[in-house]
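Encoded as structure tokens, the structure appears first; notes follow it.
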Amino acid sequence: MRWVAVGILVLLVIVIYTVLARAYLRRGRRHPSAAVAMGRGDVTGAGQYGGPGTDAWVASRGTYVSTTTADSRYDRVTVGGFHGLGVRAAAVMSVGPDGVVWRRQGADDIRLGPDRIEQVRRDRGMAGKFLAGPASDRLVVITWHGDDGQRYDSGFLPRHRPDADDLVAAVTRLTGPAGSPTTPTQGAS
């Protein structure tokens, strides 16, 4: 009798987890244009996880937090499944002439070309991570758009607070004053 109750409980847990996993994967269909950010193959200026490439202007270790819709910091984008845009992971964020790249440990890389980036800012949180205290504005959030014009926010939390300023400055330099790609000045970091 006891084994029957345990078997029913195990079966119920399996059914619940299957339904939750399918619902999570189905959410990815709501934001198909976000798939343009999912990196495949080698990325110039990014190097392997753990270090920047030679073309990177700025690189920083930290945590890739998530990608959400720009309209709601709580609406996590799940394109790419369990290794996609909504997955938090240790990462190296690199900014170079080809755009922004997050080389994530245990998850697919994410890359944004300079033509997709609309703005960069520092924030105190988004889905998956909220900060409090004196370092509450350390989260670097990049707003970008997909092919259909849908806007997204991708967040990165650098390990060291000064890195946030460097990353924001590099992305701002990348997009230029009107959102057009520019090249760095001689001697820039």
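The values are calculated or read from the model by the stated rules, or taken from the named source; none is laboratory data. Worth saying up front: this structure is predicted, and the values here are computed from it rather than measured. Using ideal geometry, Cβ is built from the backbone for each residue, glycine included, and neighbour counts are taken over all protein chains shown.
A few remarks follow.
- Selected residue (only one of Thr54, Thr78, Thr44 is modelled with pLDDT under 75, among the β-branched types (Val, Ile, Thr) and farther than 25 Å from Thr172 by Cβ): Thr78
- Residue count, the stretch 159-168 (criterion: touching a residue at least 12 places away in the same chain (Cβ under 8 Å) and surrounded by fewer than 20 Cβ atoms within 10 Å (Cβ to Cβ)): 5
- Check on Ala59, at pLDDT 70 or above and among the aliphatic types (A, V, I, L, M): yes
- Screening Ala89 against (1) in contact with a Ser or Thr (Cβ under 8 Å, 6 or more places away or on another chain); (2) of a type in the set (Gly, Ala, Ser); (3) surrounded by fewer than 19 Cβ atoms within 10 Å (Cβ to Cβ); (4) at pLDDT below 85 leaves a single unmet condition, (4).
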